[in-house]
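Colleague: Please read through the structure below; I'll follow up with questions.
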Amino acid sequence: MRASERAYATLLDEIQTGALAPGTVLGEVEQSTRLGVSRTPLREALRRLASDGLVVQASARVTVVAGIDTGDIRALFELRQALETQAARNAARRGDRRAFDDLADEFAAADLTDADTYYALIGRFDAAVDAAVDNPYLSAALRSVRTHLVRVRRMARFNPLRLSASAGEHGLIARAIAAGDPELAAHATHVHLHNALTTILEALTEDPS
């Protein structure tokens, strides 16, 4: 892995998990030393993160981790709604029905005591949808949204009841795709995203920290 890619991957993970909080200053000297790379690959990594919208220039020489608030989250979900409902339609028209039936079974049997394991299952579901839509532009836009979504999920509290509901909603989406029903898949996706946004906003309101 190139030095810039290594620095990007590390910083991306730290921003998404909250190890680098919003507003954290990413000084070139400090970060290049900490990450064990020279300043040129670090700058390249920071440019990529800026393109992702995860860091911003506070001034000509100061880069900070971008903030995210409820307005940002609402805007993110507006875009998710447009992209993911269309992706569900496409997947229902083009996807491997058996693969989505299998995924629906996995959601029904998912271990919801470990959020990381559950989100790994969602990652495999997302990858299956990306493969099924057969549209590189749509898939690229979805990957960009998911970059921010990881961060939003970490901001919300662990909620076993929500994970259980989410597993059921994903199972319905997968079954609709497996049945080859584009509109049912899109509607199930719409309901899932509405519920997810409502839960996240409620969690942030209850725990502003």
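The values are calculated or read from the model by the stated rules, or taken from the named source; none is laboratory data. These figures come from a predicted structure and were not determined experimentally. We place every Cβ from the backbone using ideal geometry, glycine too, and count neighbours over all the protein chains shown. What goes into the accessible areas is simple: the full protein's heavy atoms, side chains included, and nothing from ligands, DNA or RNA. Shrake-Rupley method; radii C 1.70, N 1.55, O 1.52, S 1.80 Å.
Colleague: Multiplying the sequence separation of TYR137 and ARG124 by 0.36 nm and subtracting their Cα-Cα distance, what value in nm do you get?
Modeller: Full extension from TYR137 to ARG124 adds 2.8 nm.
Colleague: Name the shape class, rounded, prolate or oblate, that the alpha-carbon gyration tensor gives for the range 1-46, where a ≥ b ≥ c are the square roots of its eigenvalues, rounded holds for a/c under 1.5, and otherwise prolate holds if a/b is larger than b/c and oblate otherwise.
Modeller: oblate
Colleague: Along Cα→Cβ, 7 Å out, is where each label goes; now give me the distance between the ones at ALA203 and ALA75 in nm to one decimal.
Modeller: 2.2
Colleague: Restricting to DSSP H runs of at least four residues, report the calculated mean residue ellipticity at 222 nm for the chain, -39500 (n - 2.57) per run over all residues, nearest 500 deg cm²/dmol.
Modeller: Values: 9 runs with 157 residues, N = 209.
For the chain, the value works out to -25500 deg cm²/dmol.
Colleague: Would you mind getting me the FRET efficiency between VAL191 and ASP111? Use the beta-carbon distance for r and R0 = 25 Å, nearest 0.05.
Modeller: Calculated transfer efficiency: 0.60.
Colleague: Can you give me the Kirkwood hydrodynamic radius for the range 94-209, using every pair of distinct Cα atoms, in Å to one decimal?
Modeller: So the Kirkwood estimate lands at 14.8 Å.
Colleague: Right, another one. Measuring from centroid to centroid over Cα atoms, what is the spacing of the range 111-180 and the range 1-66 in Å?
Modeller: 26
Colleague: Next question, about the same structure. Would you work out what percent of the accessible area of the chain, with all protein chains in place, is carbon or sulfur (probe 1.4 Å)?
Modeller: C and S fraction of accessible area: 53 percent.
Colleague: I need the calculated FRET efficiency for the pair MET155 and ARG34, taking r as the beta carbon distance and R₀ as 35 Å, to the nearest 0.05.
Modeller: 0.90
Colleague: Name the shape class, rounded, prolate or oblate, that the alpha-carbon gyration tensor gives for the chain, where a ≥ b ≥ c are the square roots of its eigenvalues, rounded holds for a/c under 1.5, and otherwise prolate holds if a/b is larger than b/c and oblate otherwise. Numbers along the way, then the final one.
Modeller: Values: a/c = 2.16, a/b = 1.73, b/c = 1.25.
Prolate, because a/c is 1.5 or more and a/b exceeds b/c.
Colleague: Using the membrane-span-like helix rule (whole DSSP H runs, Cα extent along the own axis of at least 24 Å, mean Kyte-Doolittle hydropathy at least 0.0), which helices of the chain qualify? Intermediate results must be reported in sequence, preceding the final value.
Modeller: On the way: long enough: 70-94 (35 Å, -0.63); 115-133 (27 Å, 0.61); 136-155 (29 Å, -0.07); 160-178 (27 Å, 0.51); 182-206 (36 Å, 0.22).
Membrane-span-like by this rule: 115-133, 160-178, 182-206.
Colleague: Please work out how much length the chain gains when fully extended from ALA58 to ARG2, using 0.36 nm per residue of separation minus the C-alpha to C-alpha distance, in nm with one decimal.
Modeller: Details: separation 56, 0.36 × 56 = 20.16 nm, distance 2.73 nm.
Length difference between fully extended and current span is 17.4 nm.
Colleague: Output the peptides 104-111, 68-75, 79-86 sorted from most to least packed, where packing is the average of other Cβ atoms within 10 Å over each peptide's residues.
Modeller: 79-86, 104-111, 68-75
Colleague: Counting Lys and Arg as +1 and Asp and Glu as -1, what is the net charge of the other residues whose Cβ lies under 14 Å from the Cβ of LEU12?
Modeller: +2
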